[in-house]
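Notes follow once the structure below has been shown.
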Amino acid sequence: MTAHESINPAESGAEGLPGPADADVALQQGASDELSPEGRLARIRSAVTEVFGGEVPDVVFAHSGGMYFNERRGTHQTTSYSQLTEHGLATGGRLRVIATAAIADAIPEVGIVTNSFNRFDPEEPTMASIVEGELTHRGVNPERIQREESSFSTITQLVEMVRLAVENKWERIAAMTNEFHFPRMIEMFERLDSIIDDDAFQQTLREFKQQGTQVGFITAESILRLVDSKYGNYIDQVARSPQYAHTVAAEAKGLEDLRAGRYRVVLTPEKPRG
């Protein structure tokens, strides 16, 4: 597998959550599972291809889950569960990076797309570039990675995913997210034809459906539990925290609003990229 960093309790950002500023678990101490590295790769590959009836996806979309500026390191990083958003949410976007790197290791022929920029501060490095850097740090060949830097939210990530699928004629797409985000993301995807008021996109969406592209949504947590049980222990610890419960409740409210037609769909960022 690719390189993993150990947890640093001193970087904890929220009481009640595990200490790591990274979502990486200290695997360099030795894997806790008896399965060989080859066996782990095989079960990851099997889990992903099973979603597509045994076929390999053309690409994995490593949907971004937020970033922050690490003052100690002087660089932007994806958020671990110990960095809360301005709304107090524990989003753990770095798990998506680690899980995508594991899939890249298990399925060398799959491409990867990273996405998004900060809609409030487009002068910051894009989230797509930060995720790309973290993937390459974990051993993913940068030639396998394509940046999508027009999206800035879940809904616009899905819009751009559809557009790129048509442009590249992709038949199978694995969409990576977190467990708490999974239901709302699927619901948004299934409602694109009704919640996006844009004629050009609706034409692209019709082409996407005619093309027959299969999208399989995959959670980072499900992949990481296959990598090593230590990840499972970390995820279980996070799930017991009040911050995570708050995050799950916020997602449930968003899903309720979406189904009730109260969800505000924003397709234009407050500050577009120059």
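The values are calculated or read from the model by the stated rules, or taken from the named source; none is laboratory data. All values derive from a computational prediction rather than experimental measurement. For neighbour counting, all protein chains shown are included, and Cβ atoms are generated from backbone atoms with ideal geometry for every residue, glycine included. Note: areas computed on protein heavy atoms with side chains; ligands, DNA, RNA excluded. Shrake-Rupley method; radii C 1.70, N 1.55, O 1.52, S 1.80 Å.
Brief remarks on what is shown
- Rolling a 1.4 Å probe across all protein chains gives L41 an accessible area of roughly 40 Å².
- For the stretch 105-204, the dipole from Cβ point charges (+1 on Lys and Arg, -1 on Asp and Glu) about the Cα centre works out to 220 debye, to the nearest 20.
- Span per principal axis, largest first, for the Cα atoms of the stretch 132-220 (Å): 40, 29, 22
- With all protein chains modelled, accessible area of K271 [1.4 Å, Å²]: 110 Å²
- Amide H contacts under 5 Å for E149, placed H, 5+ residues apart: S116
- Whichever lysines have a C-alpha closer than 25 Å to that of K209, once near sequence neighbours (fewer than 8 apart) are set aside: K169
- A helix-only calculation puts the chain at -13000 deg cm²/dmol for mean residue ellipticity at 222 nm, using -39500 (n - 2.57) for each DSSP H run of at least four residues, averaged over all residues.
- Carbon + sulfur, % of accessible area of the stretch 152-274 - ligands and nucleic acids excluded, 1.4 Å: 48 percent
- When the Cα positions of T247, I44, I235 are compared along the charge dipole of the chain, T247 comes out farthest toward the positive end, with charges on each C-beta of Lys, Arg, Asp and Glu.
- Proximal charge balance of F52 [Cβ under 14 Å; K/R count +1, D/E count -1]: -3
- For the stretch 66-71, the Karplus equation 6.51 cos²θ - 1.76 cosθ + 1.60, evaluated at θ = phi - 60°, returns couplings of x, 8, 8, 9, 7, 5 Hz by residue, with Gly and Pro reported as x.
- Projected onto planes of every orientation and averaged, the convex hull of the alpha-carbon atoms in the stretch 37-115 covers 6.6 nm².
- The residues H246, H87, sorted by heavy-atom accessible surface at 1.4 Å with ligands and nucleic acids left out, run H87, H246 from largest to smallest.
- Residues whose amide H lies under 5 Å from that of F217, counting only those 5 or more places away or on a different chain, are A175; hydrogens are built 1.01 Å from N in the peptide plane.
- A simple charge model with +1 on the Cβ of Lys and Arg, -1 on the Cβ of Asp and Glu and nothing else charged puts the dipole of the stretch 49-104 at about 320 debye relative to its Cα centre.
- V266, V60, reordered so the largest accessible area comes first (probe 1.4 Å): V266, V60
- Accessible surface of S194 - all protein chains present, 1.4 Å probe, nearest 10 Å²: 80 Å²
- For the chain, the solvent-accessible area with a 1.4 angstrom probe is 45 square angstrom per residue.
- Size descriptors for the chain: radius of gyration and Dmax over Cα atoms are 18.0, 54 Å.
- Kirkwood hydrodynamic radius computed over the stretch 155-274 comes to 16.3 Å, based on all pairs of distinct alpha carbons.
- Sequence-distant residues sharing a close amide H with H76 (under 5 Å, placed H): N70
- If the convex hull is drawn through the Cα atoms of the stretch 66-150, its volume per residue in Å³: 98 Å³
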